[in-house]
Amino acid sequence: YGTQKGLMISPAMWKKFFAPHLNTLADMAHKAGLKVFLHCDGGSRQIIPEFIELGIDILNPIQPQCVGMDPKELKNEYGDRLCFHGAIDTQKTLPFGTKEEVILEVKERIEVLGKGGGYILAPVHTVEPDVPIENILAVYEAAREYGKYI
């Protein structure tokens, strides 16, 4: 529902046209004992409270480079009610960063989004062929080193 700069449609339109269907699907999943994982690209911050109200359990992806999607703010505001998935940048850090920059980003995401639980470490999107293998391996190495909940 989002772009780099925010929502594609107004929150009111989203609530009218999309929320009822998401609510139906979330109710069905919860009745079956399942968690609800929503893929919503871009800056969706304005409707995150609606996601929670509708029964979304896990939000993917967290795109820190998008407007309103700062990991610290999201964790502070919604971290007790929503699990976050993603947040490892696939636009800049993974394809163009150094191994050290990748490790620092993974460590920071785990410290921020993983605090108290509720974070699934993953790239924001598919890892494209332009990402150096060293950076892919660095994600796994950093996850092993720093990926323990405290």
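The values are calculated or read from the model by the stated rules, or taken from the named source; none is laboratory data. All figures in this text were calculated on a predicted structure; none of them were measured in a lab. Glycine also receives a Cβ, built like all others from the backbone with ideal geometry; neighbour counts cover every protein chain displayed. Accessible surface is based on the protein model in full, side chains and every heavy atom, while ligands, DNA and RNA are left aside. Shrake-Rupley method; radii C 1.70, N 1.55, O 1.52, S 1.80 Å.
Looking at the stretch 107-116, is at least one residue open to solvent by less than 10 Å² (accessible area, probe 1.4 Å) and within 11 Å of the chain's Cα centre (by Cα)? Break it down into steps so the answer makes sense when it comes.
Going through the stretch 107-116, the residues open to solvent by less than 10 Å² (accessible area, probe 1.4 Å) turn out to be 113-114.
Okay, now just the ones that are also within 11 Å of the chain's Cα centre (by Cα), so 113.
Yes, the stretch 107-116 has at least one match.
Let me spell it out: the conditions are (1) within 19 Å of the chain's Cα centre (by Cα); (2) over 20 Å from F84 (Cα atoms), and A26 meets all of them except one. Which number is the exception?
Only one criterion is unmet by A26, namely (2).
Give me a count of the residues in the stretch 55-92 that are touching a His at 6+ places or on another chain (Cβ under 9 Å), aliphatic (A, V, I, L, M) and open to solvent by 10 Å² or more (accessible area, probe 1.4 Å).
Within the stretch 55-92, residues that are touching a His at 6+ places or on another chain (Cβ under 9 Å), aliphatic (A, V, I, L, M) and open to solvent by 10 Å² or more (accessible area, probe 1.4 Å) number 1.
In the stretch 2-22, which residues are modelled with pLDDT of 95 or more and closer than 23 Å to I120 by Cα?
If the condition is that a residue be modelled with pLDDT of 95 or more and closer than 23 Å to I120 by Cα, then L22 is the only one that fits.
Go through K92, K107 for me and flag whichever is under 20 Å from V139 (Cβ atoms) and in contact with a helix residue (DSSP H, G or I) (Cβ under 7 Å, 6 or more places away or on another chain).
On the way: K92 fails: in contact with a helix residue (DSSP H, G or I) (Cβ under 7 Å, 6 or more places away or on another chain).
Answer to the check: K107.
For the stretch 117-138, give me each residue that is over 17 Å from K99 (Cβ atoms) and open to solvent by less than 40 Å² (accessible area, probe 1.4 Å).
Within the stretch 117-138, G117, G118, Y119, A122, V124 qualify.
Does the stretch 30-49 hold any residues that are in a helix (DSSP H, G or I) and either within 17 Å of N76 (Cα to Cα) or at pLDDT below 95 (or both), and which are they?
Residues of the stretch 30-49 that are in a helix (DSSP H, G or I), as a first pass: 30-31, 45-49.
Matches in the stretch 30-49: R45, Q46, I47, I48, P49.
Return the pair list, or none, for Cβ contacts closer than 6 Å from residues in the stretch 35-54 that are surrounded by fewer than 17 Cβ atoms within 10 Å (Cβ to Cβ) to residues that are of a type in the set (S, T, N, Q), at least 6 apart or on different chains.
H39/N60
Look at L59 and say whether it is touching a strand residue (DSSP E or B) at 6+ places or on another chain (Cβ under 7 Å), assigned to a helix (DSSP H, G or I) and under 19 Å from G116 (Cβ atoms).
On the way: touching a strand residue (DSSP E or B) at 6+ places or on another chain (Cβ under 7 Å): yes; assigned to a helix (DSSP H, G or I): no; under 19 Å from G116 (Cβ atoms): yes.
No: the conditions fail for L59.
Among the residues of the stretch 7-21, how many are part of a helix (DSSP H, G or I) and closer than 20 Å to E77 by Cβ? Before the answer, list the steps.
Initial filter on the stretch 7-21 (part of a helix (DSSP H, G or I)): 11-17, 19-21.
Subsequent filtering for residues that are closer than 20 Å to E77 by Cβ retains 11, 14-15, 19.
Qualifying residue count for the region: 4.
All but one of (1) modelled with pLDDT of 95 or more; (2) under 14 Å from the mean Cα position of the chain (by Cα) hold for G55, so report the exception by its number.
With respect to (1) modelled with pLDDT of 95 or more; (2) under 14 Å from the mean Cα position of the chain (by Cα), G55 is out only on (2).
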